[in-house]
Amino acid sequence: MFTGLVESTGSVISLEPRGDSARLTVNVGAMAAELVDGESVAVNGCCLTVTAKDAAAQTACFDLLMQTLKVTSLGDLKAGSLVNLERAMAMGARFGGHFVQGHVDATVKILDWSEHGQDHRLEVEIPVEQRGLIIPKGSICLDGISLTAAEVTESTVVCWIIPHTFQVTNLHTKKPGDRLNVEFDMLGKYVRELMRAMK
């Protein structure tokens, strides 16, 4: 379980194909000294397992299944790509953001990424099958970032990005047309399934 509050960013060293899977190696900085094998880390909002780490080199490796590559945008990563990193929630820690499982629902395309004074306007297209899962002022997780939906239409959602979020996440590297991982609020998904079961 995560919060959608990005701890730091890391730089991709390599994405190595391995048959029907791949190994992702990331420079995670000082975080490497605290990681243990088997620990969960959200990488661009996708919950991955640390399969190897090197504290001296400040790297961590994650093995990606074909399903992960199919559902997320992690397959788009290249050497030098910046990724958002968050370790799993710690019991007793202050809770910000919203409940994020690290289970990516889909990828969404950036329609608008524009500067407005000190802030940025981020508009993404919502896939047809997920429309109705987001409400105005509700929570949405994009590339592992907990954001508030400021404007919602039938097919799009707009989030306003403050300077702090712009600076400490990978959003400053994005442009229109790029794909982001999206995880919708779990409460909305449960309500939808309950409504379907009641029909």
Pairs, please: C-beta under 7 Å, at least 6 apart or cross-chain, first residue surrounded by 21 or more Cβ atoms within 10 Å (Cβ to Cβ) and modelled with pLDDT of 95 or more and in the stretch 133-160, second outside any strand (DSSP E or B) and of a type in the set (Val, Ile, Thr)? Ile140/Ile134; Gly144/Val6; Ile145/Val6; Ile145/Thr165; Ile145/Thr169; Ser146/Thr3; Val157/Ile126; Val157/Ile134
Of the conditions (1) without any contact (Cβ under 8 Å) to a residue 12 or more places away in the chain; (2) assigned to a strand (DSSP E or B); (3) closer than 29 Å to Arg192 by Cα; (4) not aliphatic (A, V, I, L, M), the single one that Ser114 does not satisfy is (3)
Looking for whichever is open to solvent by less than 70 Å² (accessible area, probe 1.4 Å), farther than 19 Å from Lys78 by Cβ, over 19 Å from the mean Cα position of the chain (by Cα) and not β-branched (Val, Ile, Thr) here; the options are Ala56, Ala42, Ala52, Ala30. Which one fits? Ala52
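Just give me the residues in the stretch 64-108 being among the hydrophobic types (A, V, I, L, M, F, W, C), part of a loop (DSSP other than H, G, I, E, B) and surrounded by fewer than 19 Cβ atoms within 10 Å (Cβ to Cβ), in sequence order. So that I can check it myself, show each step before the final result.
Filtering the stretch 64-108 for residues among the hydrophobic types (A, V, I, L, M, F, W, C) gives 64-66, 69, 71, 74, 77, 79, 82-83, 85, 88-91, 93, 95, 99-100, 104, 106, 108.
Next, only the ones that are part of a loop (DSSP other than H, G, I, E, B) stay: 65, 77, 79, 88-91, 93, 95, 99, 104.
Once the filter is applied, which keeps residues that are among the hydrophobic types (A, V, I, L, M, F, W, C), part of a loop (DSSP other than H, G, I, E, B) and surrounded by fewer than 19 Cβ atoms within 10 Å (Cβ to Cβ), the stretch 64-108 yields Leu65, Ala79, Ala88, Met89, Ala90, Met91, Ala93, Phe95, Phe99.
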Would you confirm whether any residue within the stretch 130-145 is over 27 Å from Leu65 (Cα atoms) and under 15 Å from the mean Cα position of the chain (by Cα)? yes
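The values are calculated or read from the model by the stated rules, or taken from the named source; none is laboratory data. The model shown is predicted, which means the values in this text are computed figures rather than measured ones. FYI the Cβ positions are ideal-geometry reconstructions off the backbone, even for glycines, and counts take in every protein chain you see. The area values use the complete protein model at the heavy-atom level, side chains included, leaving out ligands, DNA and RNA. Shrake-Rupley method; radii C 1.70, N 1.55, O 1.52, S 1.80 Å.
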